[in-house]
Amino acid sequence: MTDGVSHPTMKLQAGHVPDPAPEYDDRAIRFLEALWGEGFLSPGGPEEVRAVVADVDLGGKNVLDIGCGSGGITLFLARAYQPESIIGFDVEQPVVDLANRRAREQGLQDKARFVRGAPGVLPFADQSFDVVFSKDALIHVADKEALFADIFRVLKPGGRFAASDWLTSHDGAPSEAMVTYLAAEGLSFGMASAVRYEAAMASAGFTDIRTVNRNGWYREVARGELERLKGPLYAPVADAVGADYVDKNIRTWSAMQTVLDSGEHCPTHVFGTRPDEPLRL
């Protein structure tokens with residue numbers, strides 16, 4: 001590598017990945033960043049990120065951010081917590097290109113790097129990272145059991161996993177309101193309950209597993225987001241992405257508010273540890 005960062009060995013080179021149509025294209029990025037802040041494609045800003053990593057030591061560690069999006073959270077972690085290195089990983093090229101440009105613009109290219117890989121097995125060697133982080137991106141992976149087995153694989157013994165994600169309150173058939181919301185989003189959401197997350201993590205070998213339901217927090221935050229979209233944000237965002245796109249997302253946020261208010265949609269913090277390997281005498 002020529003970027004000055006010490007990186008884990010990758011099993012897959014980003015340039016070998018085919019180019020499906022991105023779910024988060026330029027218009028989606030501009031819309032979400034107008035709502036949540038530059039570089040943030042999920043809600044809560046730096047304060048919510050700090051809440052996720054409050055009990056995790058990132059200083060001097062090798063960190064992986066799964067589903068890094070356009071890089072704002074990864075670069076925030078690089079600045080605020082001084083890891084040895086941090087890799088942002090995503091499956092879509094537009095957000096990775098934007099994130100790498102922002103790393104250069106912010107002078108963080110020697111600490112942070114962004115790579116793209118195909119959906120599926122993470123393209124990193126076993127036991128590469130001290131910390132694996134993710135912010136509201138694991139929802140896009142339907143097979144939670146394979147996902148957590150792979151996260152466990154890339155963590156070093158004693159490594160920590162800390163994330164937030166969008167969960168549902170149960171693993172049965174979704175309500176009509178949830179079906180309406182998922183159709184409005186139109187994204188590859190594979191929602192599951194905290195019970196399934198915890199079971200998948202335990203099966204993978206994690207210990208110290210903990211989930212924290214954040215529905216009460218986001219229920220009110222989302223209500224404010226919807227009010228802003230209908231009010232002061234409407235005109236400037238419509239100028240940037242088109243009124244039809246803003247109107248579509250007002251309908252999406254309205255449908256989301258229904259399942260947040262019912263409790264079926266549960267933004268959740270998720271934590272676990274890969275235990276230290278036993279000493280061999």
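The values are calculated or read from the model by the stated rules, or taken from the named source; none is laboratory data. Treat the numbers as computed from the prediction; the structure is a model and nothing was measured. Here the Cβ is made from the backbone with ideal geometry for all residues, glycine too, and neighbour counts use every protein chain on show.
Remarks
- The stretch 136-159, residues that are over 29 Å from G45 (Cβ atoms) and either among the basic types (K, R) or not in a helix (DSSP H, G or I) (or both): D143, R153, K156, P157, G158
- Given (1) out of contact with any helix residue (DSSP H, G or I) (no Cβ under 6 Å at 6 or more places or on another chain); (2) more than 23 Å from A163 (Cβ to Cβ), index of the condition G190 fails: (2)
- In the stretch 35-58, the qualifying residues are those that are among the β-branched types (V, I, T) and not in a loop (DSSP other than H, G, I, E, B), and the one that is farthest from T273 (Cα to Cα) is V49.
- Given (1) within 18 Å of the chain's Cα centre (by Cα); (2) touching a residue at least 24 places away in the same chain (Cβ under 8 Å), index of the condition D97 fails: (2)
Residues checked against (1) among the β-branched types (V, I, T); (2) touching a residue at least 12 places away in the same chain (Cβ under 8 Å); (3) in a loop (DSSP other than H, G, I, E, B):
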residue: T74; (1), (2), (3): yes, yes, no
residue: A80; (1), (2), (3): no, yes, no
residue: P83; (1), (2), (3): no, yes, yes
residue: G88; (1), (2), (3): no, yes, no
residue: A118; (1), (2), (3): no, yes, yes
residue: D130; (1), (2), (3): no, yes, no
residue: S134; (1), (2), (3): no, yes, no
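- For F114, the criteria (1) touching a residue at least 40 places away in the same chain (Cβ under 8 Å); (2) among the aromatic types (F, W, Y); (3) closer than 20 Å to H269 by Cβ hold in every case but one, which is (3).
- Scanning the stretch 105-126 for residues that are within 11 Å of G71 (Cβ to Cβ) and among the basic types (K, R) yields one hit, R113.
- Filtering the stretch 120-141 to residues that are farther than 20 Å from V270 by Cβ and of a type in the set (D, E, K, R) leaves only D126.
- Complete set of residues in the stretch 102-150 that are small (G, A, S) and crowded, with 20+ Cβ neighbours inside 10 Å: A103, A112, G117, S128, S134, A137
- Residues in the stretch 139-165 that are at pLDDT below 95 and either in contact with a helix residue (DSSP H, G or I) (Cβ under 8 Å, 6 or more places away or on another chain) or of a type in the set (S, T, Y) (or both): V141 only.
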